[in-house]
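*Asks:* My questions will all concern the structure given below.
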Amino acid sequence: MSSKTAITTFGLTRRFGRLTAVDNIDLDVPQGSVYGFLGPNGAGKTTTIRMLLGLIRPHLGEVRLFDERLCEQRRALLGRVGAMVESPSLYPNLTGRENLEVTRRLIRGTQAQIGHVLHVVHLEDAADRPVAGYSAGMKQRLGLALALLRQPELLILDEPTNGLDPAGIQEMRELIRRLPADYNVTVFLSSHLLAEVEQVATHIGIIQEGRLRFQGTQDALHAQMEEQVVLGVDQPEKAKALLERAGWTVSRNGGHRITIAATGRSDAAMINAQLVGGGVNVYHLQLEQPTLEDMFMTLTNGTQEKIQPKAHYVGATRAEGAN
Amino acid sequence: MTYLRALWAEQLKVKRTLALWLAPIAPLVIVGMQMAMIMDRPEYYQGNPTGIWQGYGQQIVMLWGLMMLPLFITLETALLSNLEHTNQQWKHLFALPLPRGAVYMAKQISSMAIIGLSMVALYGWIVVGGLLLGVLLPGLGFEQPVPWLLFARYVGISYLAGCLLISIHVWVGLRWHSFALATAVGIAAVVVSLFVFESDYGKWFPWTLPGMALAAERQALNVWPQLIASGVGGLIVALVGAWNVCRRDVL
């Protein structure tokens, strides 16, 4: 991985009246990465992206793309960037190919580029149909083609799977996943969908209420979170008291389940031995890695109602324990 | 070159739009109305001292300049601007590596071009309508030679006198996202213009300029004050409008 950065921001701040939508954000997006910019709806993702593209001006701070100041080199830098902000910007009266042609004329591209991006997003067959008749997934793919038309070094995608059905989400995810390797492009991807980010991103930034709560690789994020042992016991109160006396950090999950912050199998075995030795029967023991969702909840103080949960993160034991 | 590329893109954007179709249809409505009036009461038009062609042409351009042109400019610019508002094109266009002013000016010039196209259509429909009346109502005087230059003068005056209106409505259409607002401004202004046309204020009310210029031409008065006001005013509004729209945040 190159040590050069595609995006750097310093103290980026934007207010709307009394609301600080983006608050002192320092982004650091390495070239060649897929950077997942994760946050609940209204966290400041789109405002940040619009500042990255020079669409709105920050009240404080600055944006650097490829280590150059955006405010000084706007046109030159935007020439190296492709973007799709929220919904794709399309002319419904034109065909897919004509929509690409409008942008091609504006950026002085070649006809071959149009054919190439249509091929990349698998829209060759529908290219000559009016966009008004496109499905949401096709429009989204055409939006991606528009962003790719400039052969960008940096691709900025804001909620690219918004409004797509599961098949469309899968297709878009596959497209995004293969872009860095196939086209040598850095991808900056915003989303409120944990699954989307976890499956494609090498780096993650988590934003909440305009503030960057975490930034780094997925591994660094996981390393920040302790493993935990989830137990099913017949006497949860007694088990909790026993373990706390032994120095463990214990929390009740409700019912007969308790959770202990612990690391590794040896800790799990020791906990089991202490409980059995203390006269508590253990009928379930599981060592759990925290999921991205867990980390997200921790970092954003559990704004669950704003996050679309990822079903397969919630395993049977945890679902049970939550009751 | 960048500005030419932006204009080239505008040419494609209007494909299959109502905005393009309106260019020949709007003047046809006015010419059709005038033809219907003549056919309904041909006796009113007999013995016209200035010649039937001139009277017929003057009535059409007055109707056009006072009513249809301001409304047509309103609708046309609102439709063209709406192309950019419907799917929030600004966030795409203004993130491209080209000056924002190029996008604005391309819209200004394409609006002027389409309205210019309607002027050419008006010219054509006036002649075709008159020739048709010559066939339908022989003896009314339409057998006389077509006053080509006179009609060209009428159409040219109405176009130049409408330049300020085009600039104002391009700015209103691009500055605000609402199609309803853009059309409401034009309709309200046309209603006001009917009241102020005869007053002292009417001389400098932008929406009366085409009518005032054509009325001056009809009375063989100097039309240049209106044309200069429209041309210079149109240029100033276009520049200020571009500055205003281009420095706004794209939210």
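*Asks:* Along the three principal axes, how long is region B:151-226 when you take its alpha carbons, biggest first, rounded to the nearest angstrom?
*Replies:* Between the extreme Cα coordinates on each principal axis of region B:151-226 lie 42, 26, 18 Å.
*Asks:* May I pose another question? Please give the average number of partner chain Cβ atoms lying within 10 Å of the Cβ of each residue in A:164-177, rounded to a whole number.
*Replies:* Counting other chains' Cβ atoms within 10 Å and averaging over A:164-177 gives 0.
*Asks:* Something else about it: For region B:2-246, count the residues as N, evaluate 2.2 N^0.38 Å, and divide the Cα radius of gyration by that value, please.
*Replies:* For region B:2-246, the normalised Cα radius of gyration is 1.07.
*Asks:* In peptide A:103-110, what is the residue-averaged number of other protein chain Cβ atoms found within 10 Å of each Cβ?
*Replies:* 5
*Asks:* Counting C-alpha atoms alone, how compact is chain A: give Rg to one decimal and Dmax as a whole number, in angstrom.
*Replies:* Gyration radius and largest Cα-Cα distance of chain A: 23.7, 78 Å.
*Asks:* Of B:F142, A:A269, A:Y183, whose Cα points farthest to the positive end of the dipole of the protein assembly as shown (charges on the beta-carbon: +1 Lys, Arg; -1 Asp, Glu; origin at the Cα centre)?
*Replies:* The residue sitting farthest along the positive end of the dipole is B:F142.
*Asks:* Name the residue from B:A213, A:V63, A:L118 whose Cα lies farthest towards the positive end of the charge dipole of the protein assembly as shown, charges +1 on Cβ of Lys and Arg and -1 on Cβ of Asp and Glu.
*Replies:* Positive-end residue among those listed: B:A213.
*Asks:* Right, another one. Would you mind classifying region B:195-248 by shape? Square roots of the alpha carbon gyration tensor eigenvalues, ordered a ≥ b ≥ c; an a/c under 1.5 is rounded, otherwise it is prolate if a/b is larger than b/c and oblate if not.
*Replies:* It is prolate, given that a/c is not under 1.5 and a/b is the larger ratio.
*Asks:* Now for a different question. Sort A:E86, B:E10, A:E244 so the one with the fewest other Cβ atoms within 10 Å of its own Cβ comes first.
*Replies:* Ascending number of Cβ neighbours within 10 Å: A:E244, A:E86, B:E10.
*Asks:* Here is a follow-up. Would you tally the net charge around B:K107, using a Cβ to Cβ cut-off of less than 12 Å, leaving B:K107 out, and scoring K and R as +1, D and E as -1? All intermediate terms of the calculation are to be shown ahead of the outcome.
*Replies:* Values: positive: B:K13, B:R100, B:R175; negative: B:E10, B:E76, B:E84.
Residues near B:K107 contribute 0 overall.
*Asks:* Would you mind pulling out the separation of the Cα centroids of region A:166-186 and region A:14-31, in Å?
*Replies:* Cα centroid of region A:166-186 versus Cα centroid of region A:14-31: 27 Å apart.
*Asks:* Let's see if you can work this out: charge +1 on each Lys and Arg Cβ, -1 on each Asp and Glu Cβ, no other charges. What is the dipole magnitude of chain A about its Cα centre, in debye to the nearest 20?
*Replies:* Working: 34 positive and 35 negative charges, 184 e Å.
The dipole magnitude comes to about 880 debye.
*Asks:* Over all directions, average the projected area of the Cα convex hull of region A:45-97 and note it in nm².
*Replies:* If I average the Cα hull's projected area over directions, I get 4.8 nm².
*Asks:* OK, next. Among A:S135, B:S230, which comes first, second and so on when ranked by fewest other beta-carbon atoms within 10 Å?
*Replies:* A:S135, B:S230
*Asks:* Neighbour counts of other C-beta atoms within 10 Å: give me A:D165, A:D23 arranged from fewest to most.
*Replies:* A:D165, A:D23
*Asks:* If you don't mind, there's one more thing I want to ask. So which lysines can B:K107 reach, going by Cα to Cα under 26 Å and dropping same-chain residues fewer than 8 places off?
*Replies:* In chain and number order, the partners are A:K139, B:K13, B:K15, B:K91.
*Asks:* So how strong a dipole does the protein assembly as shown carry about its Cα centre when Lys and Arg Cβ are +1 and Asp and Glu Cβ are -1, to the nearest 20 debye?
*Replies:* I would put it at about 960 debye.
*Asks:* I need the Debye-formula profile for the protein assembly as shown: one equal scatterer per C-alpha, no solvent, reported as log10 I(q)/I(0) at q = 0.08 1/Å, two decimals.
*Replies:* The Cα Debye sum returns log10 ratios of -0.69.
No value in this document is a laboratory result; all are computed from the given coordinates. In this text, all values refer to a predicted model and were calculated from it rather than measured experimentally. When we count neighbours, we look across all protein chains shown, and the Cβ atoms used for this are built from the backbone with ideal geometry, even at glycine.
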